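Nothing in this text is a laboratory measurement; each read-out follows from the coordinates by a stated rule. It should be emphasised that the depicted structure is a prediction, and the values quoted were computed from it without experimental measurement. A quick note on method: Cβ atoms are made from the backbone with ideal geometry, for glycine too, and the neighbour counts reach across all protein chains shown.
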Amino acid sequence: MADTRIDHNAPVLVIGLGRFGTATAAQLREQNKEVLAIEKDPVLVQKWAGLLTHVVEADATDIDALRQLGASDFTSAVVGVGTSVEASVLITANLVDLGIERIWAKAITPSHGKILSRIGAHHVVFPEADAGRRAAHLVSGRLLDYIEFDDDFAIVKMYPPKETHGFTLAESNVRSKYGVSVVGVKSPGEDFTYAAPDTKVSSRDLLIVSGQVDLIERFAMRP
């Protein structure tokens, strides 16, 4: 049986140094991961050469160029090219042909994403659409952070509604009333703590809440 364990310290190939590609590469470097970035624009190559591990000027739509750079040695790759659908598709297809085990690819439209999935991208990312949905949930004012999953399930950081102030979670009975779970509480000047039935909530606290998106929204709308 093949060993399917993931080496979390393995180098990562990032293709395209636009906003998404550079943000991804920079975050990977923050996590002390080695990054090989490929970009065909010499201006961007020069801009990022001193900040990332390795930056190479090359055209990733050319599979021979990828082979020469040792792309097939990588197990994870990120395709940050989005402005040209044709280039995005060609690059992703090249990575599939080279046997890259895990490919994340940026998509700009649903049809673009569908193509990327069908040719073998393992994870399709919609940065603009995802950011827009997240912002829409945050503008209400009570939600401070928001992460949504594929099955309409979310985890949020939020201010507590007034009806929870001064009560323990058992007393306010949030789960029975609203169908969401308070999984953590952050009090000012104190460390994050996992929630328990006897955890008392104050007006200055922050709550970490999980549940279905519509139920969280209903809870967050409480005064």
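Results, tabulated for the structure shown:
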read-out	value
Percent antiparallel among DSSP beta bridges (both partners in the chain, rounded to 5)	50
Mean Cα-pair separation over length for segment 163-223, i.e. relative contact order, pairs under 8 Å, 6 or more apart, %	40
Kirkwood estimate for segment 12-125, i.e. one over the average of 1/r between Cα atoms, Å	13.6
Evaluated over segment 126-223, the Cα radius of gyration and Dmax, each in Å	13.2, 41
Kirkwood hydrodynamic radius over Cα pairs of the chain, then Stokes diffusion coefficient at 37 °C and 0.692 mPa s, in µm²/s	164
Paramagnetic reach from Ser176 in segment 196-223 [backbone N under 12 Å; point 7 Å along Cα→Cβ]	none
Ellipticity estimate at 222 nm from DSSP helix runs (n ≥ 4, -39,500 (n - 2.57)) divided over the chain, nearest 500	-9500 deg cm²/dmol
